[in-house]
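The values are calculated or read from the model by the stated rules, or taken from the named source; none is laboratory data. Just so it is clear, the structure is predicted and the values come from calculations on it, not from any experiment. Neighbour counts are summed over all protein chains in view; Cβ atoms, including those assigned to glycine, are modelled from backbone coordinates with ideal geometry. The protein model used for the area step is the full one, side chains on, heavy atoms only, and it has no ligands, DNA or RNA in it. Shrake-Rupley method; radii C 1.70, N 1.55, O 1.52, S 1.80 Å.
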Amino acid sequence: MLKNAILSVVAVAVLIGVGAVLPRMVNPYLFQILILCGINITLAVSLNLINGFTGQFSIGHAGFMAIGGYTSAALTYYLGPHVLAGVAGDGAAATVAGQAFFILSLLAGGAASAVAGFLVGLPSLRLRGDYLAIVTLGFGEIIRVAILNIDAIGGARGFTDIPRYTTFFWVAFFALVTVVFVRNIMSSSHGRAFLSVREDEIAAEALGINTTNYKVMAFVIGAFFAGVAGGLFGHYLMYLHTNSFTFMKSFEVVIMVVLGGMGSITGSVIAAVILTILPEALRPVKEYRMVIYSALLIFLMIARPQGLLGMRELSLSTFRGLKLGGARKSQAGGAKRAL
């Protein structure tokens with residue numbers, strides 16, 4: 001317990017230091033790509049809990065992201081000035097109060113997304129496979145169209161003048177929290193229940209596992225972190241529009257999960273980084289950018305249909321094992337040659 005607390009303090013201190021130095025060392029364009037990488041990591045890992053570990057097929061993650069983004073932005077835009085009016089004159093106090101209110105707005109956005117995940121998940125998660133995918137896709141589109149008709153949050157014009165509270169520290173912090181939370185829950189008895197639902201739902205029910213509850217739980221947790229990612233996204237760009245939350249965004253996150261490996265947290269992290277950087281790296285050949293991007297994805301999925309890591313996780317012990325394995329092989333080869 002003490003070791004985990006020390007590691008947490010060290011990790012937060014490192015993130016604070018990197019967050020303070022990085023914006024001065026990296027140009028704004030590259031810095032924005034890093035921010036988007038962190039947000040996509042949160043989205044991919046949270047969706048992996050639903051699609052990879054629990055075995056469901058959700059393609060409405062952009063809808064939960066939109067709910068969280070617009071909810072948190074509305075709170076900081078409408079309530080923020082009134083809440084922070086008392087500390088407006090004090091620079092340090094105003095900064096701390098603003099960041100505290102920002103975190104509360106992110107959590108509120110995540111909570112709103114979690115409630116939406118529960119309301120959608122409870123009736124629809126009795127469905128399976130393609131039917132569930134159609135329901136979640138329809139939910140995402142319903143949310144997008146509903147936002148287009150709410151003038152208080154910009155409607156079709158988009159939500160402008162959102163205060164910029166998102167920093168590298170908060171993006172990295174919530175990405176790390178998402179990874180650690182999903183890893184810990186999958187290491188618990190609940191994680192084994194999630195996996196049993198994925199492997200054989202009928203057998204899991206026969207063993208007394210309430211599969212509907214666990215599917216709804218996965219949906220609620222995944223939606224919460226998607227809402228937080230939406231809040232970070234809106235408070236960095238200072239603008240939200242429904243065009244950022246179409247079904248193509250949901251497909252993009254699904255591709256990250258599939259490419260990284262269904263059921264691999266580190267695979268989702270790696271794929272999120274690759275698929276965020278790749279379109280920008282191909283920007284110099286903009287005429288053929290999407291063709292090359294699509295061809296690379298098709299090639300990767302043909303070469304590795306199970307994803308980059310499958311269901312495995314990368315860790316320091318993995319690399320030590322590879323090194324020791326190579327050493328053992330060389331020793332065995334030397335022994336054979338000596339004989």
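In the chain, the longest principal axis of the Cα atoms and the axis of helix 316-338 are about 20 degrees apart.
In whole percent, how big is the carbon plus sulfur part of the accessible area of the chain, probe 1.4 Å, protein atoms only?
70 percent
Building the convex hull from the alpha-carbon atoms of the chain and averaging its projection over directions returns 23.4 nm². Protection proxy ranking of 45-56, 69-80, 277-288, by the mean of other Cβ atoms within 10 Å over each peptide's residues and highest first, is 45-56, 69-80, 277-288. For the chain, adding -39500 (n - 2.57) for each run of n ≥ 4 DSSP H residues and dividing by the number of residues yields -25000 deg cm²/dmol at 222 nm.
In nm, give the distance between the simple-model label positions of Asp161 and Arg304, each being 7 Å from the Cα along the Cα-to-Cβ direction. Computed distance between label sites Asp161 and Arg304 equals 4.7 nm. With the contact rule set at Cα under 8 Å and sequence spacing of 6 or more, what percent relative contact order holds for the range 53-185? Value for the range 53-185: 37 percent. Using R0 = 45 Å, the C-beta based FRET efficiency linking Asp200 and Leu297 works out to 0.90.
How much length is gained if the chain between Asn213 and Leu282 is pulled fully straight, taking 0.36 nm per residue apart and subtracting their Cα-Cα distance, in nm to one decimal? Please report the intermediate quantities before stating the final value.
Details: separation 69, 0.36 × 69 = 24.84 nm, distance 4.32 nm.
Additional length available on full extension: 20.5 nm.
Computed from Cα atoms, the angle from the helix 91-124 axis to the main principal axis of the chain rounds to 70 degrees.
Net charge in the neighbourhood of Gly69 (other residues with Cβ under 12 Å of its Cβ; Lys, Arg +1, Asp, Glu -1) is +2. Surface analysis of the chain yields an accessible area of 51 Å² per residue, using protein heavy atoms and a 1.4 Å probe.
One equal scatterer on each Cα of the range 171-305, no solvent, Debye formula: the resulting log10 I(q)/I(0) at q = 0.15 Å⁻¹ is -0.92.
Each of the peptides 176-182, 57-63, 198-204 was scored by the mean count of other Cβ atoms within 10 Å over its residues; in descending order, highest first, they stand as 57-63, 176-182, 198-204. Helix 61-74 against the longest principal axis of the chain: what's the angle in degrees, Cα atoms only, rounded to the nearest 10? For 61-74 against the chain, the angle is about 30 degrees.
Assign one of three labels to the range 27-122, namely rounded, prolate or oblate, based on the Cα gyration tensor with a ≥ b ≥ c the square roots of its eigenvalues; rounded applies when a/c is under 1.5, prolate when it is not and a/b is larger than b/c, and oblate otherwise. The shape class here is oblate. Peptides 188-196, 263-271, 143-151, 161-169 ranked from most to least packed give 263-271, 161-169, 188-196, 143-151, packing being the mean of other C-beta atoms within 10 angstrom over each peptide's residues. Here the label points at His190 and Ala85, each 7 Å from Cα along the C-beta direction, are separated by 4.0 nm in the simple model. Shape of the range 123-169 from its Cα gyration tensor (a ≥ b ≥ c, root eigenvalues): rounded if a/c is under 1.5, otherwise prolate when a/b > b/c, or oblate? Oblate. The phi-based Karplus calculation (6.51 cos²θ - 1.76 cosθ + 1.60; θ = phi - 60°) puts the 3J(HN,Hα) values of the range 297-311 at 5, 5, 4, 5, 6, 6, 6, 10, x, 7, x, 4, 10, x, 10 Hz, whole numbers, x for Gly and Pro.
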